[in-house]
Amino acid sequence: MSDTDGLAVVTGASSGIGFELALQLAGRGYDLVINSADEERLEPAAAEIRRRTGREVEAVRADLRHYGETERFCEAIAATGRPVGVAVLNAGVGQGGAFLDTDLEDEFEIVDLNVRSTVHLAKRLLRTMAARGEGRLLITSSIASTMPGSFQAVYNASKSFLQSFAQALQNELKDGPLTVTSLMPGPTDTDFFRRADMEDTKVGAGSKDDPAQVAEQGLDALFAGKDKVVAGSLKTRAQGLANKVLPDGLKAEGHRRMAEPGSGED
């Protein structure tokens, strides 16, 4: 990799919003280190970014649910010998269904990937950025962070954690050279709902935002130094505004109507 250009790190980059974030960062002049646990999709994603942008892309398969794998990913980043200018912590997973019915291991997977790996990578990357005196961090939260997640109880809670975490970091770092931005998409056209077993829900069957639009708005906010952005369609942004004033009980009931299994068949 060239030493003359910036380096960006993107997790969960093999598809969806993560792929678009990586592609658009490459389009903005960054070489990349990208990550996913999906071996079949990761290298083709890297090849596509190289083809479309001419940037250098290193693909590192690592399952960030596990401490050792996350450390190995950090070592791969360090092995480039280049400072990270932008880090995008986007990897995440969800699971739909009633809490009493879902498997405990699936819930732990959400906590380990969405929460633990984000904290782990933020600790490693921000310390390195601070030592160098510059850097930008984007954390993919969700509009789900603003509402109790009936039938997605652990997923929404994980995103609420990330939102609080990002805002706390923003305050701690406000007088220094580092920036932290929270990206808050709504329902987006990715594999999320299939993987979360939510295709039969109202939200899973409904219209969704364009991941390229979400990524563009997220990166615009990142480079503008904004603390957060509700990204996507006008409908999503309007929901973000409404959630600031609606009571939690009403939001939980609304989420129930969108996420309850079978609701998409009504």
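Overview of results
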quantity: Residues (over 21 Å from PRO83 (Cα atoms) and either among the acidic types (Asp, Glu) or assigned to a loop (DSSP other than H, G, I, E, B) (or both)) located in region 32-63; calculated: ALA37, ASP38, GLU39, GLU40, GLU43, GLU48, ASP63
quantity: Candidate set from region 236-266 (those that are under 25 Å from GLN213 (Cβ atoms), charged (D, E, K, R) and surrounded by 12 or more Cβ atoms within 10 Å (Cβ to Cβ)); member that is farthest from the chain's Cα centre (by Cα); calculated: LYS251
quantity: Filter result (open to solvent by less than 70 Å² (accessible area, probe 1.4 Å) and aromatic (Phe, Trp, Tyr)) within region 65-79; calculated: PHE73
quantity: Members of region 162-176 that are under 25 Å from HIS255 (Cβ atoms) and more than 13 Å from the chain's Cα centre (by Cα); calculated: SER164, PHE165, GLN167, ALA168
quantity: Single condition THR146 does not satisfy, out of (1) among the polar types (S, T, N, Q); (2) over 21 Å from ASP189 (Cα atoms); (3) within 17 Å of the chain's Cα centre (by Cα); calculated: (2)
quantity: Test: residue in region 224-233 that is touching a residue at least 12 places away in the same chain (Cβ under 8 Å), open to solvent by less than 10 Å² (accessible area, probe 1.4 Å) and either out of contact with any helix residue (DSSP H, G or I) (no Cβ under 7 Å at 6 or more places or on another chain) or among the acidic types (Asp, Glu) (or both); calculated: no
quantity: So ALA87, is it over 30 Å from PRO148 (Cα atoms) and not in a loop (DSSP other than H, G, I, E, B); calculated: no
quantity: Residues that are more than 18 Å from the chain's Cα centre (by Cα), open to solvent by 10 Å² or more (accessible area, probe 1.4 Å) and of a type in the set (A, V, I, L, M, F, W, C), drawn from region 126-143; calculated: ALA130, ALA131
quantity: Candidate set from region 105-125 (those that are open to solvent by less than 20 Å² (accessible area, probe 1.4 Å) and not β-branched (Val, Ile, Thr)); member that is farthest from ALA87 (Cα to Cα); calculated: GLU107
quantity: Residues (small (Gly, Ala, Ser) and under 18 Å from ASP175 (Cα atoms)) located in region 127-142; calculated: ALA130, ALA131, GLY133, GLY135
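The values are calculated or read from the model by the stated rules, or taken from the named source; none is laboratory data. Everything numeric in this text was worked out from a predicted model, so none of it was measured. With ideal geometry, Cβ positions are generated from the backbone for all residues, glycine too; neighbour counts draw on all protein chains shown. Protein only, heavy atoms only, side chains kept; ligands, DNA and RNA dropped before computing areas. Shrake-Rupley method; radii C 1.70, N 1.55, O 1.52, S 1.80 Å.
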